[in-house]
Amino acid sequence: MKRGGKTNAIRYLERLGIPHETLEYEMDGGDLSAPHVAAVSGIPLDMLYKTIVCRGDKTGVMLACIPGEAEVDMKKLARVSGNKKTESVPLKEILALTGYVRGGVSPIGCKKDYPLYIDDTAMVKERISISAGKRGCQIIMKPDDLVDIRKATIAALVKA
């Protein structure tokens, strides 16, 4: 890493001996979109995966890891997670639930080990990029490793 300390997610991967790379880049302004992150970081857009904090009516808080430019299909997420209904958690609750700020939510190292659902498109990629737990820092790793360490569920999660 070039600038600033390790995050919980990075320390966790190091403790487990999971191969990964980290990449820090300058975040300018408030544009947290995947195309902007791809442009400033040099990471290919189709490699970027974002983590959305969601809540189910039966199971509570969960995380959905989806391609950067995609949108979670809440009906698909509800079906796979055993809920009748799911919705995105309001932004004001994200920090308290995860320990991470918007634009820096990692599927690794949250305050609590919420169930993780990963879009099936990740599994055909050699490596994916996820947030390292702070804005301007990404972890690049094998999707299989992410699934293994988080005991994640793989499913089609994005809107068609």
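Each reported figure results from applying straightforward, stated rules to the coordinates on display, with no laboratory input. Computed from a predicted structure; not experimentally measured. Positions of Cβ are generated from backbone atoms using ideal geometry, with glycine treated the same way; all protein chains shown enter the neighbour counts.
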Per residue of region 150-160, in order, report the coupling 6.51 cos²θ - 1.76 cosθ + 1.60 (Karplus, θ = phi - 60°) as ³J(HN,Hα) in whole Hz, putting x for Gly and Pro.
9, 6, 6, 9, 9, 7, 6, 10, 9, 5, 6
Could you list M123, M47 so that the one with the fewest beta carbons within 10 Å of its beta carbon is first and the one with the most is last?
M123, M47
Pick from G133, G56, G17: which is most flexible by mean-square fluctuation in a GNM of the chain where alpha carbon atoms under 10 Å apart are linked?
G17
For the chain, what does the relative contact order come out to in percent, with C-alpha contacts under 8 Å and a separation of six or more?
27
With +1 on the Cβ of every Lys and Arg and -1 on the Cβ of every Asp and Glu, the dipole magnitude of the chain about its Cα centre, in debye rounded to the nearest 20, is 640
For S106, what residues show an amide H to amide H distance below 5 Å, using hydrogens built from the backbone and excluding near sequence neighbours?
G133
Hey, fewest Cβ within 10 Å first, where do V124, V53, V37 land in order?
V124, V53, V37
If you take the charge dipole of region 39-136 about its Cα centre, with +1 on Lys and Arg Cβ and -1 on Asp and Glu Cβ, which of G136, S41, P67 is farthest toward its positive end?
G136
Share of Cα-Cα pairs in the chain lying beyond 23 Å, as whole percent
31
Cut-off under 5 Å, modelled amide H: who pairs with L48 long-range:
G68, S129
Which residue, P67, P19, P44, has the most motion in a Gaussian network model of the chain that connects Cα atoms within less than 10 Å?
P19
The alpha-carbon center of region 75-99 and that of region 106-160 are separated, in whole Å, by 15
If amide hydrogens are placed 1.01 Å from N in the peptide plane, which non-local residues have theirs closer than 5 Å to the one on V61?
G56
Under a Cβ-only charge scheme (Lys and Arg +1, Asp and Glu -1), can you give me the dipole magnitude of region 87-160 about the Cα centre, in debye to the nearest 20?
340
Around Y114, what is the net charge, scoring Lys/Arg as +1 and Asp/Glu as -1 over all other residues with Cβ under 13 Å from its Cβ?
+3
